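Notes for the one structure printed next.
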Amino acid sequence: MKSKARPAPGRLLYAQSGGVTSVINASAAGVIQNARAHGIKVYAARNGILGALREELIDTSKETTAAIEALRHTPGGAFGSCRYKLKSLDANRAEYERLIDVLRAHDIRWFLYNGGNDSADTALKISQLGKAMDYDIRCIGVPKTVDNDLAVTDCCPGFGSVAKYTAVSTLEASLDVASMADTSTKVFILEVMGRHAGWIAAASGLAGEGADAPPHIILFPERVFDEAAFIAKVKATVERVGWCTVVASEGIRNAEGQFLAEAGTRDSFGHAQLGGVAPVLAALVKDKLGYKYHWALPDYLQRSARHLASKADAEQAYAVGKAAVDYALAGMNAVMPVIVRTSDAPYRWKIEPAALDKIANREKKMPASFLTRDGFGITAAARRYLSPLIQGEAPLPYGRDGLPKYVQLKNVAVTKRLPAFEQ
Ligand code: F6P
């Protein structure tokens, strides 16, 4: 992982990849502020690796200190993101040669890729370019994903905030349905993200504890959806409590392995576009039990809700960006700064480097010990893991208009030096 010689002074390229989060820009701030402190100029690629291929680079040195600091509380991806999978070196050598040409043309010696497990794969492939194509480039992955499914790291920047949003929303909507249940709505269904792993759905369990507290039913992608057991539990809960809150992961599947809610489109990684399981469940409740329902699909609201970010998450997002620069400047290659938990209560954590090949293309699902025996709830062990991640608030500056003061960067383009690339 560590090499002896430090590369010659050059520039650092940072790019954002995959689904963005409410704190990914805090990682960008960690990268840019630390690099500036070391006198290193940071370029950002517009729309992730595509910006590198198209030579669409942004000169972050044109941004003020205040603008970079404001990234710490601005959601979305300030430089644009992408879902784009690089093929293997053998399958598309031209693409890799183009990347090297762009890096060389702009004297880029460090590449930091901020993303999830697919992006860790991209980062790993680029880290292997140096050797294969005789260009001295150090490549570091920066973790991010609301799905919390990266291997090795204890948690993923972006998750703590979506977990807090989900737990708070579950609690608030449950107070609403409880008020209405006598004469109106009896079932509320919240659909949350997480294609293959139920971490976000699990976080809703922090809203309450005990059989009668919401959420009464959590549906995880780790468990096959059992329609009869689901309907029976909704009925029993409404009869006992008077109302029922259900939280469903977008990724739940039936016994045939089909998603309950596949929209029919796929991204370039081959992932199915999901969204719409809540209305499917609501229709089922109405058909089988006749209860009045409401359902909600927060979709992008959950991963952009910076107003409800977790303090721990915002701090970790910044810390991994900062550490990535330290690792790059120390001559490391093909690593990612990961979060290591050293204590649950009080919650303590530190950052360590981990090899990218232990992270790329792997998915960390919820362990069986985190799910209750009936598969509809979370255990005490899950609470111990999840609870620290939603602790604390990360307050925002608000303007006179009542809106958060989010920053819009200038994103000044670097002059192109190469002919256009045909993809
Ligand atoms: O990046 C993870 C994620 O937020 C998933 O939970 C969700 O299914 C997906 O992204 C949505 O991706 P997109 O924004 O590309 O449609």
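Since every read-out is calculated from the coordinates, none of them should be taken as a lab result. All values reported here derive from a predicted model rather than from experimental measurement. Quick reminder, even Gly has a Cβ in these numbers, built from the backbone with ideal geometry, and neighbours come from all protein chains shown.
Listed by chain and number, the aspartates and glutamates placed with their C-alpha closer than 15 angstrom to that of residue 41 are 59, 63, 107, 326; residues fewer than eight positions away on the same chain are left out. Under the convention that each Lys and Arg Cβ holds +1 and each Asp and Glu Cβ holds -1, the size of the dipole of the chain around its Cα centre is about 1060 debye.
Evaluate the relative contact order of the chain (contact order divided by residue number), counting alpha-carbon pairs under 8 angstrom at least 6 apart; express in whole percent. Mind dumping the intermediate values first?
Numbers: 986 pairs, mean separation 100.0, N = 423.
That works out to 24 percent.
Would you work out which of 187, 297, 333 lies farthest towards the positive end of the dipole of the chain, given +1 charges on the beta-carbon of Lys and Arg and -1 on that of Asp and Glu, about the Cα centre? The one lying farthest along the dipole's positive direction is 333. Would you mind classifying the chain by shape? Square roots of the alpha carbon gyration tensor eigenvalues, ordered a ≥ b ≥ c; an a/c under 1.5 is rounded, otherwise it is prolate if a/b is larger than b/c and oblate if not. Prolate. Positive-end ranking of 309, 199, 342 along the dipole of the chain, with charges on Cβ about the Cα centre, is headed by 342. Shape class for region 135-263: prolate, because the ratio a/c of the largest to smallest gyration tensor axis (alpha-carbon atoms, square roots of eigenvalues) is 1.5 or more and a/b beats b/c.
An oblate overall shape is assigned to region 1-103, the ratio a/c of its alpha-carbon gyration tensor axes (a ≥ b ≥ c) being 1.5 or greater and a/b not exceeding b/c.
Each residue in 96, 84 was given a count of other beta-carbon atoms within 10 angstrom of its own, and listing them fewest first yields 84, 96. Each of 149, 313, 374 was scored by other Cβ atoms within 10 Å of its Cβ. Arranged with the fewest first, they read 374, 149, 313. Cross-linked pairs 144/405; 125/405; 144/186; 365/416: Cα-Cα separations exceed 32 Å for 125/405; 144/186; 365/416.
About its Cα centre, what dipole magnitude does region 159-303 give when the only charges are +1 on Lys and Arg Cβ and -1 on Asp and Glu Cβ, stated in debye to the nearest 20? Walk me through the numbers before you get to the answer.
Working: 13 positive and 16 negative charges, 12 e Å.
Computed charge dipole of region 159-303: roughly 60 debye.
Within the chain, antiparallel bridges make up roughly 40 percent of the DSSP beta bridges whose residues both belong there.
Among 259, 220, which comes first, then next, by fewest other beta-carbon atoms within 10 Å? Don't jump to the answer; show the numbers that get you there.
On the way: 259 20, 220 26.
Ordered by Cβ neighbours within 10 Å, fewest first: 259, 220.
Given the DSSP H assignment, sum -39500 (n - 2.57) over each helix run of at least 4 residues in the chain and divide by its residue total; what's the result at 222 nm in deg cm²/dmol, nearest 500?
On the way: 12 runs with 141 residues, N = 423.
Calculated from helices alone, the mean residue ellipticity at 222 nm is -10500 deg cm²/dmol.
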